[in-house]
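K.L.:
Here it is, the structure in full.
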C-alpha cells in the first residue's frame, strides 16, 4: 500500500496489518478494498488526496489506542496530512487515492484545494457520508469484476467523487445547544457513580433539572454520543478492567457493570467490539481497549 501513504518503512505499526481484498491502480488514481484484522493500528502521511469510506462499524480513531467502533462514515485526507488508524474487531475500509494532476484536471484549476473531513467518531453521520459510501461501493463492486471492470466507468466514478468532495465541504457543528460544563460534569458523575445500576433517562435529566428530550440532544451535542451509547461504552470499559484483573467470573462482571446478565454483556461486546468478553481475558490483559474516555472538562466554578 505504498501508494496509500508514505513508504511503509515510515509507518508505525501495532498489531496485524490489513489485507487487500481488491485493488486497481492507474496513473490517475489507485483504489484499495481492505480487510482489517483484529486488532491493529498504523500511522502515516497522505501523499495524495485520499478519500476513505468505512462501510462497517469499524472505528478508525484519530488517536491511539483505538476506541469502540462508530457508525459507518467517510473521511477525506489531504496531501501532507497525517493519517492515524486504529481498530478493534474486523471490518472493511475502502480507499481512493488521486493524483494531483487528475484532481486539477477534474476541477479545472491547478490551485484548487479540498477540505479535510473526519470520520464520524465525534460527529453524526450525514448525507455526505452516505453519498460517498454509495459511490465507493459501486467503485468496489466494479473492481471486483477484475478483467471485466470498465476503465472509463471507473474514471467517471473517480471524477464524480472529486466533484462531490469539492462541492460538499464538512459543516462546522455549532457548540450552541450543548450542555454547560457544570451540567455535563454532573451528568457524567451520576453515570459513573451508578454504572452498575439500571440507569434511567428521567433520573439523569432530573440531575440538572431538565427534560429527557433536551438531555438527549444536548448530551449528544457535547459528547458526540447519545446517553445510551455513552453508558454502554463506559460499561464495556469497566467490564474490560474487571476481566483483565481475572478475579471475577464473567457473570459477576456483567452484574457489577450494569448488564442484565452474562448473555447481554456478551451480545453487547459482540455488537460493539465484534469479539466476546473472554477475548480480553486471554489476549488483552496488558493492553486496555479504552472504549469511551470521559470527556475532558474545562475548569469552571460550581
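K.L.:
Here is a check on your reading of the model: is residue 227 in contact (Cβ under 8 Å) with a residue 12 or more places away in the chain and closer than 30 Å to residue 252 by Cβ?
P.N.:
yes
K.L.:
Can we say residue 167 is exposed (fewer than 13 other Cβ atoms within 10 Å of the Cβ) and within 27 Å of the chain's Cα centre (by Cα)?
P.N.:
yes
K.L.:
Yes or no: the stretch 60-75 includes at least one residue that is in a loop (DSSP other than H, G, I, E, B), at pLDDT 85 or above and either in contact with a strand residue (DSSP E or B) (Cβ under 9 Å, 6 or more places away or on another chain) or farther than 23 Å from residue 223 by Cα (or both).
P.N.:
Within the stretch 60-75, none of the residues are in a loop (DSSP other than H, G, I, E, B), at pLDDT 85 or above and either in contact with a strand residue (DSSP E or B) (Cβ under 9 Å, 6 or more places away or on another chain) or farther than 23 Å from residue 223 by Cα (or both).
K.L.:
Out of (1) at positive phi; (2) at pLDDT 85 or above; (3) surrounded by 13 or more Cβ atoms within 10 Å (Cβ to Cβ), what's the single condition that is false for residue 224?
P.N.:
For residue 224, the failing item is (2).
K.L.:
Which residues, taken from the stretch 120-137, are closer than 17 Å to residue 161 by Cβ and modelled with pLDDT under 80?
P.N.:
Correct list: empty.
K.L.:
Now a separate question. When you look at residue 54, is it assigned by TED's automatic domain parsing to the domain that holds residue 113 and either modelled with pLDDT of 90 or more or farther than 24 Å from residue 153 by Cα (or both), yes or no?
P.N.:
no
The values are calculated or read from the model by the stated rules, or taken from the named source; none is laboratory data. All values reported here derive from a predicted model rather than from experimental measurement. Neighbour counts are summed over all protein chains in view; Cβ atoms, including those assigned to glycine, are modelled from backbone coordinates with ideal geometry.
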